[in-house]
Amino acid sequence: MEFGEESSPALAFEKNAFELTVEDVYDISYVIGRDLLKISSTGEEVSDLQFRIVRVLEMFETLVNKYNLSVEELKMERDNLKAELDRIIREGSSSSGQTGQQTVGANQLVVDLNDPNRPRFTMQELKEVLQERNQLKAQLMVAQEELQLYKSGILPQSEPTMVDVDLSTPPATEDSSSTVNEKTTIGKLFSFRRK
Amino acid sequence: MEGLTLRVEHLQNENGKLQNLFQEKSNINEDIRQEVSRLSSENSVCRCDLHLRVHPKQTPALPKEYLGMLEYKREDEARLIQNIITDLKPKGVAVNVIPTLPAFILFMCVRHADYLNDDNKLKSLMNRIIQGVKKVVLAHQKDVESLSFWLSNTYQLLNCLKQYSGEEQFLKQSTPRQKKNCLQNFDLSEHRQILSDLAIQIYHQLISVMQKTLTPAIVPGMLEHESLQGISSMKPTGFRKRSSSLYNDSETYSISSILQELSVFYSAMSHHGMEQSLTKQAVKQLFFLIGATTFNQIMLRKDMCSCRKGMQIRCNISYLEEWLKENELQSCGAIDTLRPLAQAAWLLQVNKSTDEDAKEIAEKCTELNPVQIVKILNSYTPIDDFEKRVTSSFVRQVQSFLQEYEGATQLMLDTDYRFQVTFPFYPSSTALESLQVPSSLNLEFLTRI
């Protein structure tokens, strides 16, 4: 015991039930014990009462203990959940800070504008590009066939102008006038890209 | 946030439901336990009492008449010692209501072993008990609560062994039923002696711990702190004030601190059901320490030998006396241990000039030896210029009156001196048959016989 610590056991009787600690239960036990001693004379009659009281106080101790523990646990859980919620809110607000308030709803996508692999083209644009490619591919096949025929001497015509259409490299390398004048979707799209 | 509050509420509801379930379950457990003990006691009584065969179906509705013993299996002995001695906390529901219950429980186990006429079991139990108490006291050797608890219980066990020994001298206040409960087969007087020695050991350990706590407060509180401002004296700030600060104005110990600490010790001892005679001996020993320590300081320090200090000391002694009265400890002889100090204080205050004064001093200071008296007179420091020092002729005068003194001539008192502690026999009126074993002691393996 520390120097000068005092305890008035009877104080425990005046406390609010929900503020009781296990120590209070012990103090109560002590006071009741003393009171029982005062009324016991032969030691037999009071004994049953005495032990019943002990039993009740034991149950009381268990309940007070359990109650206090539960309160502590619930408080801790509440604090944890609170902290987590705060954290999430904080994170949410820091990442959406550049574009202002942005609540992401269902079926929505948040895109980082600095990502080189971000999606950029609409379905429509993609469709048109693919169609054009298919067209140009078909034309290429025809032109190549013609060339073969000319080479093998079947078709005795003057040499046609060579048209290099290389779809795999960007048209930035091409200096042929034919593509510059062609206002294809591809050209438009790719010209944006050069900027 | 609302979600959280709802969750918390929900959990609290669940908690309440669980508590109800738990309570129901422990009620059921208790009923089962009672049934078991009732049945096993029935069994053991059936074994002994052949007459019961006449009424085979009649199980009495009232509780069986118990014999006041507790049975345990030999292999549970270690567990018994563990739960009732080693792991037992001095603070708990059962021991707060009945502080000496462990002693009675142990004795009831001893009684049963004796009843069975089982020499080995009994010896083993007694030895285990003594070892167990020794160990637990060692483990808590600085804790006033544990020490008082075990001193109290050891003393009670000792008393039980005496009361139920069957010896004539201890039977005088026993009821007829108690006389019937005496040990039948074995004489445990040797074990009583060992137990008695153990009790003495615990007592001295307790005193040491209390003295160690008290000592720093003694000189500041009794001598240095000036609670008397001129003529008006301040009553110390009570003993059990809730908001009391240990330190008065200048963060030093005062007489209140000493009184407060004494109250703490006293309440610890009485909380654990310590027999009054033992408590009184402890208080007396503590008072002796206070007196001797303070006295020795006066011998050593000239600045403590003034009229004002004398008055202060006498004032503090009166507070100590009042404390004794408040706690009904007047008869413990504590105040007598303060007599040397009281007389020294008186000597500081009294006139020291005429021949009559010298004579009076020689007559009144019965507790002081000439060496001490002379020291005080020579060390006496006047508080102001009007007062004169004690003349050497006066001192010689006093010495002449003390020529026939034949006693010790030590200047200092021995603060380590311990009064011999005794454990007078105290029979208890407790009826062993009526004792039950509370479940919180975890002793379900004991069967009430």
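Can you pull out every residue in region B:399-412 that is over 17 Å from B:Leu341 (Cα atoms), touching a residue at least 12 places away in the same chain (Cβ under 8 Å) and under 43 Å from the mean Cα position of the chain (by Cα)?
B:Leu402, B:Tyr405, B:Gly407
Show me the helices (runs of 4 or more DSSP H) entirely contained within region B:132-224 in which 1 or more residues are in contact (Cβ under 8 Å) with a residue 24 or more places away in the chain and small (Gly, Ala, Ser).
Hits in region B:132-224: B:144-163, B:189-219.
A quick yes/no check of all residues on (1) at pLDDT 80 or above; (2) exposed (fewer than 10 other Cβ atoms within 10 Å of the Cβ); (3) among the β-branched types (Val, Ile, Thr); (4) part of a helix (DSSP H, G or I):
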{"position": "B:Gly16", "(1), (2), (3), (4)": "yes, no, no, yes"}
{"position": "B:Asn29", "(1), (2), (3), (4)": "no, no, no, yes"}
{"position": "B:Ser40", "(1), (2), (3), (4)": "no, no, no, yes"}
{"position": "B:Arg53", "(1), (2), (3), (4)": "no, yes, no, yes"}
{"position": "B:Lys57", "(1), (2), (3), (4)": "no, yes, no, no"}
{"position": "B:Pro63", "(1), (2), (3), (4)": "no, no, no, no"}
{"position": "B:Tyr66", "(1), (2), (3), (4)": "yes, no, no, no"}
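All but one of (1) at the interface with chain A (Cβ under 9 Å from one of its Cβ atoms); (2) modelled with pLDDT under 80 hold for B:Asn96; which doesn't?
The one condition B:Asn96 does not meet is (2).
Could you pull out the residue among A:Tyr30, A:Tyr26 that is facing chain B (nearest Cβ under 7 Å), farther than 30 Å from B:Ser174 by Cα and either at pLDDT 80 or above or buried (at least 19 other Cβ atoms within 10 Å of the Cβ) (or both)? Show your work before the answer.
Details: A:Tyr30 fails: farther than 30 Å from B:Ser174 by Cα.
Among A:Tyr30, A:Tyr26, only A:Tyr26 is facing chain B (nearest Cβ under 7 Å), farther than 30 Å from B:Ser174 by Cα and either at pLDDT 80 or above or buried (at least 19 other Cβ atoms within 10 Å of the Cβ) (or both).
Condition first: of a type in the set (Ser, Thr, Tyr) and surrounded by fewer than 17 Cβ atoms within 10 Å (Cβ to Cβ). Now tell me which residues in region B:320-370 satisfy that.
Within region B:320-370, B:Ser331, B:Ser353, B:Thr354, B:Thr366 meet the criteria.
Does B:Leu368 meet the test of being closer than 24 Å to B:Gly407 by Cα and not in a helix (DSSP H, G or I)?
Taking the combined requirement at face value, the residue satisfies it.
Tally up the residues in region B:71-93 that are more than 11 Å from chain A (Cβ to nearest Cβ), crowded, with 18+ Cβ neighbours inside 10 Å and within 28 Å of the chain's Cα centre (by Cα), please.
6
Every residue, every condition in (1) small (Gly, Ala, Ser); (2) over 15 Å from B:Gly310 (Cβ atoms), yes or no:
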residue: B:Asp336; (1), (2): no, yes
residue: B:Leu348; (1), (2): no, no
residue: B:Asp355; (1), (2): no, yes
residue: B:Phe394; (1), (2): no, yes
residue: B:Phe401; (1), (2): no, yes
residue: B:Gly407; (1), (2): yes, yes
residue: B:Met412; (1), (2): no, yes
residue: B:Thr415; (1), (2): no, yes
residue: B:Arg418; (1), (2): no, yes
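So which of B:Phe419, B:Phe394, B:Phe425 is in contact (Cβ under 8 Å) with a residue 12 or more places away in the chain and outside any loop (DSSP other than H, G, I, E, B)?
B:Phe394
Working carefully through the options B:Gln163, B:Gln178, B:Gln131, B:Gln205, find the one that is surrounded by fewer than 16 Cβ atoms within 10 Å (Cβ to Cβ) and either modelled with pLDDT of 95 or more or within 29 Å of B:His271 (Cβ to Cβ) (or both).
B:Gln131
Out of curiosity, is B:His140 buried (at least 16 other Cβ atoms within 10 Å of the Cβ), over 22 Å from B:Tyr426 (Cβ atoms) and over 25 Å from the mean Cα position of the chain (by Cα)?
Answer is no for this residue.
The values are calculated or read from the model by the stated rules, or taken from the named source; none is laboratory data. None of these values were measured; they are calculated from a predicted model. So basically every Cβ, Gly included, is an ideal-geometry build from the backbone, and we count neighbours across all protein chains shown.
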